[in-house]
1. Taking the residues in the range 13-42 that are free of Cβ contacts under 8 Å to residues at least 12 places away in the same chain and closer than 19 Å to residue 76 by Cβ as candidates, determine which candidate is surrounded by the fewest Cβ atoms within 10 Å (Cβ to Cβ).
2. Please determine, by comparing only the residues of the range 43-59 that are touching a helix residue (DSSP H, G or I) at 6+ places or on another chain (Cβ under 9 Å) and closer than 12 Å to residue 21 by Cα, which one is surrounded by the most Cβ atoms within 10 Å (Cβ to Cβ).
3. Of these, 65, 10, which one is in contact with a helix residue (DSSP H, G or I) (Cβ under 7 Å, 6 or more places away or on another chain), surrounded by 12 or more Cβ atoms within 10 Å (Cβ to Cβ), over 12 Å from residue 90 (Cβ atoms) and touching a residue at least 40 places away in the same chain (Cβ under 8 Å)?
4. Could you check the range 16-58 and list, in sequence order, the residues that are within 12 Å of the chain's Cα centre (by Cα) and in a loop (DSSP other than H, G, I, E, B)?
5. Looking at the range 61-70, can you tell me whether even one residue there is within 15 Å of residue 30 (Cα to Cα), at pLDDT 95 or above, in contact with a strand residue (DSSP E or B) (Cβ under 7 Å, 6 or more places away or on another chain) and not in a helix (DSSP H, G or I)?
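The values are calculated or read from the model by the stated rules, or taken from the named source; none is laboratory data. These numbers were taken from a predicted model, which means no experiment stands behind them. Here Cβ is always computed from backbone atoms with ideal geometry, including for glycine, and neighbour counts include all displayed protein chains.
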């Protein structure tokens, strides 16, 4: 049985590059808050912002991967992340 603090399974994330980014963020001490469907992708929402080091590594390792950044809205906090073939990872943006 899973406890309340157990992270969600990454099994539904079928993009190798998105999964790599999630696992790299976890290795840095970040964690997946929730995996939720969105109209364009299944999104792994991370607890902490994207680190500068991981951003640089992703840019070098996956140069063709689509990066996005969304401002605050009345319904969502500002966030950024990556999307590929129906899978995404989103990191909160802090001031």
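1. So, considering only residues that are free of Cβ contacts under 8 Å to residues at least 12 places away in the same chain and closer than 19 Å to residue 76 by Cβ, the one surrounded by the fewest Cβ atoms within 10 Å (Cβ to Cβ) is 39.
2. Filtering the range 43-59 for residues that are touching a helix residue (DSSP H, G or I) at 6+ places or on another chain (Cβ under 9 Å) and closer than 12 Å to residue 21 by Cα, the one surrounded by the most Cβ atoms within 10 Å (Cβ to Cβ) comes out as 44.
3. None of the others qualify; the one that does is 65.
4. If the condition is that a residue be within 12 Å of the chain's Cα centre (by Cα) and in a loop (DSSP other than H, G, I, E, B), then 30, 31, 41, 47, 48, 49, 50, 51 are the ones that fit.
5. no
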